[in-house]
1. Quick one: net charge around R54, please, counting Lys, Arg +1 and Asp, Glu -1 for every other residue with C-beta under 12 Å from its C-beta.
2. Cα-based Rg of the stretch 33-182 per 2.2 N^0.38 Å, rounded to two decimals?
3. Given a cut-off of 17 Å, what percent of all Cα-Cα pairs of the stretch 188-332 lie beyond it?
4. Could you tell me, in Å, what Rg and Dmax come out for the Cα atoms of the stretch 86-165?
5. For the chain, what does the helix formula give at 222 nm: sum of -39500 (n - 2.57) over DSSP H segments with n ≥ 4, over the residue count, nearest 500 deg cm²/dmol?
6. Write out the cysteines belonging to the chain for which the nearest other cysteine Cβ is not under 4.7 Å, or none if no such cysteine exists.
7. For the stretch 216-268, treating each Cα as an identical point scatterer without solvent, what Debye log10 I(q)/I(0) comes out at q = 0.13, 0.25, 0.26, 0.29 1/Å?
8. What is the pair-distance distribution P(r) of the chain, computed from all Cα-Cα distances in 10 Å bins starting at 0, with each bin given as a whole percent?
Amino acid sequence: MNTMHFPSVGATPVIAIHGGAGTLLRSHISPEQEQAYHAALQSVLRAGQEVLARGGAALEAVCVAVQALEDCPLFNAGHGAVFTADGTHELDAAVMDGARLAAGAVAGVTRIRNPVLAARAVLQHGQHVLMAGEGAEQLALAAGLAQVAPSYFSTEARRAQLRDAQARAAGAVLDHDGAAALAGRQQGGPLHEGSKMGTVGAVALDAHGHLAAATSTGGMTNKRPGRVGDSPLIGAGTYADDRTAAVSCTGHGESFIRVAAAYDVCARMAYGGQALQQACDAVVHGALPALGGTGGLIAVDRRGNVCLPFNTEGMYRGLARAGQLPETFIYR
Ligand code: ASP
């Protein structure tokens with residue numbers, strides 16, 4: 001029921017995106033906020049679709065989409081990222097090009113405006129795959145990427161979410177669940193916490209038959225400084241291989257790391273001959289829940305099948321095929 005399976009349409013280019021999964025209930029989100037999410041997702045999809053329509057690479061399409069999601073304060077990445085326990089922001093991002101199995105990722109960056117572009121710079125630089133902290137900042141600077149004061153990432157809504165998580169002294173709280181807890185108490189207003197969710201990601205198939213994936217996040221509210229989630233770990237939160245699929249995950253990162261979630265989808269297809277939907281379901285409704293792992297993922301295979309499964313109440317998500325209207329969804 002949570003998995004949408006679209007018939008194969010050959011090599012028609014397609015892009016899919018997510019803005020985070022979690023306890024998203026209709027009662028927590030006003031119609032206006034719901035509309036704002038759909039509008040944001042639609043505009044991001046159209047930007048990715050344009051890249052694919054002019055024959056652009058899947059890697060470019062996913063970077064354009066994730067950069068736009070990072071710039072949107074509705075989602076937990078870039079501007080609007082969640083806070084660490086120390087009241088700071090530590091951002092993670094990754095990109096992977098399924099054509100070459102080339103990948104780039106950054107972890108724990110604090111001043112790069114668009115972490116996904118830093119991840120792409122690591123990929124293009126070619127020497128390493130994962131750069132953390134100051135070294136990643138330096139590489140991004142050398143690549144000419146925009147830097148910002150750390151306060152650029154902060155929003156009042158995220159600060160309230162941190163205060164709530166700390167008041168509950170519940171340890172690290174998944175962005176989505178912290179937001180949902182607040183939403184129950186704070187209906188209606190502009191800072192309605194039900195609307196403050198979402199690690200972001202994109203996957204795409206281009207006209208040349210290549211796949212790519214990108215993911216970007218502020219991580220989890222009230223996380224310990226130095227904690228790195230699944231998003232920047234190639235194989236855990238992000239993976240792409242032209243022979244199988246491109247995958248971007250969202251949810252409780254520790255569980256996704258332990259099951260190598262994104263790679264597991266591709267491995268099930270490569271070694272087990274599973275179809276995309278079967279592989280995604282096995283991970284999202286089997287391997288992850290077995291560890292108590294909540295969340296979801298988006299995936300596209302080389303034939304253009306798209307799966308958007310999640311084991312939570314909802315996941316901000318959408319897809320757009322070349323020449324067709326984008327479709328966006330929030331709930332089951
Ligand atoms: N997976 C992200 C992390 O653990 C969080 C999320 O998807 O909301 O850092």
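FYI, it's all coordinate maths here, none of it is from the lab. The structure displayed is predicted, hence computed values, not measured ones. Here the Cβ is made from the backbone with ideal geometry for all residues, glycine too, and neighbour counts use every protein chain on show.
1. For residues surrounding R54, the net value is -3.
2. 1.10
3. Summing the P(r) of the stretch 188-332 above 17 Å gives 59 percent of all pairs.
4. Expressed in Å, the Cα Rg and Dmax of the stretch 86-165 come to 13.8, 44.
5. Result for the chain, helices only: -9500 deg cm²/dmol.
6. Within the chain, the cysteines lacking a partner Cβ under 4.7 Å are C63, C72, C249, C266.
7. Each listed q corresponds, in turn, to -0.29, -0.87, -0.92, -1.08.
8. 7, 31, 38, 21, 4, 0
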